[in-house]
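Sharing a structure here in structure tokens format.
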Amino acid sequence: MFRELLQSSDRPVVGTFVKIPALEVAEILGEAGFDFVVIDTEHALLSVRDVYSLVVVYSRMGVAPLVRITDHGYGDAQRYLDAGAAGILVPHVSNAGQAGAAMRQYLFPPEGTRGMGYASRAGLWGSLPGGPAEYVRAGQEDVARIAMIEERESVDDLAGILAAPGVDAVFIGPGDLSLSMGEPTGSPAVHDAVTKCIATAVEAGVPVGTVVQGEDQIRLRAEQGCRFLLVGNDTGMFGAAARRITSTTRSALAAPPADEED
């Protein structure tokens, strides 16, 4: 679903982070027109059941559900993939060795070590047309395995990460990258590092994405070759909307009443 979007779209695809485990919020965001979402288990208190429910709702609405996992482990990621997640974002991939070891867990043998779960939702509860062979094919070819580039070391070894078996795309996280570099968020050094990573990925022919803010940055990263862009998150959107409504209401109440016509 997500990999197909990257290949078929004539523009960067647009998504947002999801942190709220509410189906109502999922439907609201699903109707807003996002191409994909990243369900964030690294920085939000989401249970496996929460993730499962969100994956079902978003996929039914035609929005590709990716999941950012908490570490390089296998257990929960296997369940998210068998729930039907369109892809996995692996945080803090520092070098090519880590990339290869992590992605191997999300590939079926002989390329990797992922286990057979044909009786899961990803296998239509054991009734997928094409049988187990189709379940395995989809797991190999349709699932997006995305390495997150968030540290100075990963920038230095990006060429190796891009070439690691199983890496289908990379996502550059400027927030954690700024911490690793000892630079303020949005500093020229961080901006240049992100730009360098994008150029390296584009040259290697590997889809690349990052976080963007504001129209100028959106256009810039698209022009540089990003194939997917993340804008904000559900908590930030609802918070901003709530503040805007209360501010507008208080401003209206504080304004002097308009003169009545005679």
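The values are calculated or read from the model by the stated rules, or taken from the named source; none is laboratory data. Please read these numbers as outputs of a predicted model, since none were measured by experiment. Cβ sites come from the backbone with ideal geometry, for glycine too, and all protein chains shown count toward neighbours. Side chains are part of the model used for accessible areas, which takes the heavy atoms of the whole protein and leaves out ligands, DNA and RNA. Shrake-Rupley method; radii C 1.70, N 1.55, O 1.52, S 1.80 Å.
Quick one: would you say ARG250 is basic (Lys, Arg), free of Cβ contacts under 8 Å to residues at least 60 places away in the same chain and under 22 Å from SER9 (Cα atoms)? I'd like the intermediate steps shown before the answer.
Numbers: basic (Lys, Arg): yes; free of Cβ contacts under 8 Å to residues at least 60 places away in the same chain: yes; under 22 Å from SER9 (Cα atoms): no.
No; evaluated as a whole, the condition is false for this residue.
Okay, moving on. The conditions are (1) open to solvent by 40 Å² or more (accessible area, probe 1.4 Å); (2) over 21 Å from GLU4 (Cα atoms); (3) not polar (S, T, N, Q), and ARG137 fails exactly one of them. Which is it?
Evaluating ARG137 over (1) open to solvent by 40 Å² or more (accessible area, probe 1.4 Å); (2) over 21 Å from GLU4 (Cα atoms); (3) not polar (S, T, N, Q) leaves (2) as the failure.
Something else: Being out of contact with any Ser or Thr (no Cβ under 9 Å at 6 or more places or on another chain), assigned to a loop (DSSP other than H, G, I, E, B) and on the phi < 0 side of the Ramachandran plot is the filter here, so list the residues in segment 1-35 that pass it.
SER9, ASP10, ARG11, PRO12, ALA22
Also: Restricting attention to segment 38-82, which residues are under 20 Å from TYR118 (Cβ atoms), among the acidic types (Asp, Glu) and touching a Lys or Arg at 6+ places or on another chain (Cβ under 8 Å)?
Of everything in segment 38-82, just one residue is under 20 Å from TYR118 (Cβ atoms), among the acidic types (Asp, Glu) and touching a Lys or Arg at 6+ places or on another chain (Cβ under 8 Å), namely ASP82.
Additional query: Within segment 36-57, take every residue that is within 15 Å of the chain's Cα centre (by Cα) and open to solvent by 40 Å² or more (accessible area, probe 1.4 Å) and give me the one that is farthest from ALA144 (Cα to Cα).
Kept after step one, since they are within 15 Å of the chain's Cα centre (by Cα), are these residues of segment 36-57: 36-44, 51, 54-55.
From the residues that got through so far, the ones that are open to solvent by 40 Å² or more (accessible area, probe 1.4 Å) too are 42-43.
On the way: GLU42: 18, HIS43: 20 Å.
Result: HIS43.
Show me the strands (runs of 3 or more DSSP E) found entirely inside segment 36-106 where at least 1 residues are basic (Lys, Arg).
Numbers: elements: 36-40, 64-68, 87-90.
Answer list for segment 36-106: 64-68.
Please determine, by comparing only the residues of segment 199-220 that are over 14 Å from LEU230 (Cβ atoms) and not small (Gly, Ala, Ser), which one is most open to solvent (accessible area, probe 1.4 Å). It would help to see each step written out before you state the result.
Filtering segment 199-220 for residues over 14 Å from LEU230 (Cβ atoms) gives 199-206, 215-216, 219-220.
Now restrict to residues that are not small (Gly, Ala, Ser): 200, 202-203, 206, 215-216, 219-220.
On the way: THR200: 43, VAL202: 70, GLU203: 165, VAL206: 22, GLU215: 128, ASP216: 117, ARG219: 118, LEU220: 56 Å².
Ranking the candidates gives GLU203 first.
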